[in-house]
Amino acid sequence: MSYELFRHQESQNSSKMADSHFDIAVIGAGVAGLTCAQQLQQAGYKVVVVEKSRGLGGRLATRRLQGTHADHGVCYLKPKDDRFKALVEKLLERSILQVWTDTIHELDAEGQLIEPPDHAPRYASPTGISTIAKFLATGLNIWLNQRVEAIHLIDQGWALQFEPDERTPITNPASLTASAIVSAIPAPQALTLLEPVADVETLLTRLRSIQFSACISAIAVYSPQQNESALPWKAVTCAHDPAIGWVGLDSTKQNSPSQRVVIVQSTAAFASRHLEASDLQSIGQTLLDRAADLLAPWLKSPEILQVHRWRYAFPINPLAEKFLTANIRSPLLLTGDWCRGNRVESAFLAGLATSAQINSQLQSRSLVENFWETIA
């Protein structure tokens, strides 16, 4: 689905806000939330997805800038589970994904570039990895720019209260109600939302135990004269470097790139020192300077530099379960990539498990097993 078509869908969804009672409200439009919502909607439930940001996908993030784009969160997909492989196959059929590379180089402790023996295919989107989220969102009722400020137990289930948004005073509702809630946001954000709710202390204890590492991404655009093809790699992991964890020639994912785009992602240790820096540009330049010293001198001189901080990039100690559920009268489930892993595949599988669980707590309808096959 094209970006323009998605924006048209968003406009249509805005007109539906007056109809504000739902079977299920999903908080968070990342992979876990969209997967759960899509499967439940296909089962006939009335579902709404609310998202605090203006875009979809969470760390399936694509930055659009001056005629090009870059994946500054998740870099690629490498499926392992059979269900996630089936989704990837569907995305390949739709030309949403393609094989990007079968080799990710490594920088060893001595600063030498090595080619590991693992040559498994890595999949990326030529139009940006956020296109996967737009595919999963097809046909869903999604309210963007809607930050949930509080949730309250009521007779009909739950009331979700939104933070006032002066940018969209006409379309921004004060609240909605739902028979059940799925929270598919990072555990620390879910913790803040749930702390005022009664009788969920067990959930709060579990959420408090989950720790996340941060990451800072430098997004750099270079002149077309920079010779990418002369480099022997498309991406490099730097496991032994104190500052840099990943350097990717992101524009090599595109079919006909007009500019050279590089993503440099920091280590967790570097991000923890600089996450609250007031001058993120200088922090991004520090990452580029280090990448230039390690890999290619021209990396330090971009035409454009943008920087993004990921406060909850990776769960350090993910839960063993695929979701958490509260033992209260109205269904409340929590899920995300912090359940059984820390990757996109983890979020997808968690979303599937959560939809099955909440269905069993509601009406036990027949779920479409491979729901992605029915998406038009």
Checklist entry - Could you state the per residue volume, in Å³, of the convex hull enclosing the Cα atoms of the stretch 21-137? => result 148
Checklist entry - For the chain, which whole percent of the accessible surface, found with a 1.4 angstrom probe, sits on carbon and sulfur atoms? => result 48
Next on the checklist: Can you bin every Cα-Cα distance in the stretch 228-332 into 10 Å intervals starting at zero and give me the percent of pairs per bin, rounded to whole numbers?
Outcome noted: 12, 38, 26, 13, 9, 3, 0
Item to check | Charge dipole magnitude, Cβ of K and R +1, D and E -1 - the stretch 47-177, Cα centre, debye nearest 20 | outcome: 500
Next on the checklist: For a quick size check, give me the Cα extents of the stretch 273-369 along its three principal axes, largest first, whole Å.
Outcome noted: 59, 29, 23
Next on the checklist: With every atom except the alpha carbons ignored, what do you get for Rg and Dmax of the stretch 336-376, in angstroms?
Outcome noted: 11.6, 31
Checklist entry - For Lys134, which lysines qualify as cross-link partners when the Cα separation must be under 29 Å and same-chain residues fewer than eight apart are set aside? => result Lys16, Lys46, Lys52, Lys78, Lys80, Lys85, Lys90, Lys234, Lys253, Lys322
Next on the checklist: I'd like the orientation of helix 82-93 relative to the chain: the angle between its Cα long axis and the longest Cα principal axis, in ° from 0 to 90, rounded to 10.
Outcome noted: 70
Item to check | Coarse-grained scattering of the stretch 37-79 at q = 0.27, 0.28 Å⁻¹, given as base-10 log I(q)/I(0) from a Debye sum over alpha-carbon atoms | outcome: -0.95, -0.97
Checklist outcome for this item: On the formula 1/(1 + (r/R0)^6), with r taken between the Cβ atoms of Gln363 and Arg54 and R0 of 41 Å, the FRET efficiency rounded to 0.05 is 0.80
Checklist entry - In degrees from 0 to 90, rounded to the nearest 10, what is the angle of the helix 280-294 Cα long axis to the longest principal axis of the chain? => result 40
Next on the checklist: Roughly how far apart, in whole Å, are the Cα centres of the stretch 197-221 and the stretch 42-72?
Outcome noted: 19
Item to check | Residues in the stretch 270-303 that a label on Gln66 would reach, taking backbone N under 19 Å of a point 7 Å out along Cα→Cβ | outcome: 280-289, 298-303
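Given Cβ point charges of +1 (Lys, Arg) and -1 (Asp, Glu) and nothing else, what value in debye, to the nearest 20, does the dipole of the chain about its Cα centre take? Before the final figure, lay out each step's value.
Values: 33 positive and 37 negative charges, 87 e Å.
Here the size comes out at about 420 debye.
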Checklist outcome for this item: From DSSP H assignment alone, runs of 4+ in the chain each adding -39500 (n - 2.57), the sum over residues rounded to the nearest 500 puts [θ] at 222 nm at -8000 deg cm²/dmol
Checklist entry - Can you give the net charge of the other residues whose Cβ lies under 14 Å from the Cβ of Ser282, counting K and R as +1 and D and E as -1? => result +1
Checklist entry - Which whole number in µm²/s is D for the stretch 190-257 by Stokes-Einstein, with the Kirkwood Rh taken over Cα pairs at 25 °C and 0.890 mPa s? => result 149
Next on the checklist: Using only the Cα atoms of the chain, what semi-axes does the equivalent ellipsoid have when each is the square root of 5 times a gyration tensor eigenvalue? Give whole Å, largest first.
Outcome noted: 36, 22, 20
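The values are calculated or read from the model by the stated rules, or taken from the named source; none is laboratory data. If you're wondering where the values come from, they're calculated on a predicted model, not measured in any experiment. FYI the Cβ positions are ideal-geometry reconstructions off the backbone, even for glycines, and counts take in every protein chain you see. SASA here: full protein model, heavy atoms, side chains in, ligands and nucleic acids out. Shrake-Rupley method; radii C 1.70, N 1.55, O 1.52, S 1.80 Å.
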